[in-house]
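The values are calculated or read from the model by the stated rules, or taken from the named source; none is laboratory data. Fair warning: this is a prediction, and the values are worked out from it, not measured in the lab. Here the Cβ positions follow ideal geometry from the backbone for every residue, glycine too, while neighbour counts run over all protein chains shown.
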Amino acid sequence: MLQNNITNFLQYCKNSNFSERSVESLTFRLNEFNKFIKSQNISSIQKINYQHLLQFVADYNNPSDHVKKARVWSLHQFFHYLKLKQLIHKNIALELPYPKIEKKIAQFLTEDEFIRILNHFTHQTTDSHGLRNLIMIMIMGLLGLRTAAIVAINIKDVDLAESRLWIHEKGYQGHVKKVIPIPQILC
């Protein structure tokens, strides 16, 4: 029943320049929703009510809070599209609350753990890959950078003469480029 509308909606998202990851997420969640609606023997879009949405978000296949959040977002978007196309009169998905997701507490290595890792990688520096890995571990430990920021470093981002490193991080305004001083031991 929903498959044609889902297909049209996903095409609409692609034409509206939704990111590839957003389209993938929407595809997965809406196909899940379609299976749920079929299991409820609902025959038309107009017969879908708020209770169905709530049951799908909260109970279908015992989802985690992250899955619940993705489902709510997907339903908000999909029902907005259905309203735009005048297939429904009201976007009932807007009433769905986003679940509160507890922030994880960052875990850090102890000094002893870092020294053990450093010793391990120091013994692996028999070739250029081993040296690269040691430098990455040192950057992670000495500068406190995230793995993604370290992996994104290019040779042009390093200025050994000035002891500077440009890193690319994901921030609230998109990707941010920051300059960090490099300790002399890394240079």
Report summary line: Taking first residues from the stretch 19-37 that are farther than 11 Å from Leu75 by Cβ and second residues anywhere that are of a type in the set (Gly, Ala, Ser) and assigned to a helix (DSSP H, G or I), the pairs with Cβ under 6 Å that are 6 or more apart or on different chains are Ser25/Ala70
Report summary line: Note on Pro97: of the conditions (1) touching a residue at least 12 places away in the same chain (Cβ under 8 Å); (2) surrounded by 11 or more Cβ atoms within 10 Å (Cβ to Cβ), unmet is (2)
**Report entry** Top-ranked residue of the stretch 171-187 - restricted to ones that are over 24 Å from Ile117 (Cβ atoms) and either aromatic (Phe, Trp, Tyr) or modelled with pLDDT of 85 or more (or both), ranked as surrounded by the fewest Cβ atoms within 10 Å (Cβ to Cβ)
**Finding:** Tyr172
Requested in this report: State whether the residues of the stretch 101-111 include one that is in contact (Cβ under 8 Å) with a residue 24 or more places away in the chain, buried (at least 16 other Cβ atoms within 10 Å of the Cβ) and not assigned by TED's automatic domain parsing to the domain that holds Ile137.
Outcome: no
Report task. Enumerate the pairs (first residue in the stretch 137-165 and outside the structural domain of Arg116 (by TED's automatic domain parsing); second residue anywhere and in a helix (DSSP H, G or I) and at pLDDT 85 or above) with beta-carbon separation below 8 Å, excluding pairs fewer than 6 apart on the same chain, so at least 6 apart or on different chains. Result -> none
Query raised in the report: When you go through Lys14, Lys68 one by one, which is the residue that is of a type in the set (D, E, K, R) and either touching a strand residue (DSSP E or B) at 6+ places or on another chain (Cβ under 7 Å) or surrounded by fewer than 16 Cβ atoms within 10 Å (Cβ to Cβ) (or both)?
Result: Lys14
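Conditions (1) exposed (fewer than 14 other Cβ atoms within 10 Å of the Cβ); (2) not hydroxyl-bearing (Ser, Thr, Tyr), marked per residue:
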| residue | (1), (2) |
| --- | --- |
| Glu113 | yes, yes |
| Ile135 | no, yes |
| Leu143 | no, yes |
| Thr147 | yes, no |
| Ile150 | no, yes |
| Ser163 | no, no |
| Glu169 | yes, yes |
Report task. For Pro63, work out the one condition from (1) in a loop (DSSP other than H, G, I, E, B); (2) more than 19 Å from the chain's Cα centre (by Cα) it doesn't fulfil. Result -> (2)
Requested in this report: Can you confirm whether the stretch 51-66 contains a residue that is out of contact with any Pro (no Cβ under 8 Å at 6 or more places or on another chain), at pLDDT below 95, under 28 Å from Arg146 (Cα atoms) and of a type outside the set (Gly, Ala, Ser)?
Outcome: yes
Requested in this report: Filter the stretch 148-165 down to residues that are touching a helix residue (DSSP H, G or I) at 6+ places or on another chain (Cβ under 7 Å) and either modelled with pLDDT of 90 or more or among the hydroxyl-bearing types (Ser, Thr, Tyr) (or both), then give me how many there are.
Outcome: 1
Query - Residues located in the stretch 18-65, provided they are under 16 Å from Asn5 (Cβ atoms) and exposed (fewer than 12 other Cβ atoms within 10 Å of the Cβ) - result: Ser43, Ser44, Gln46
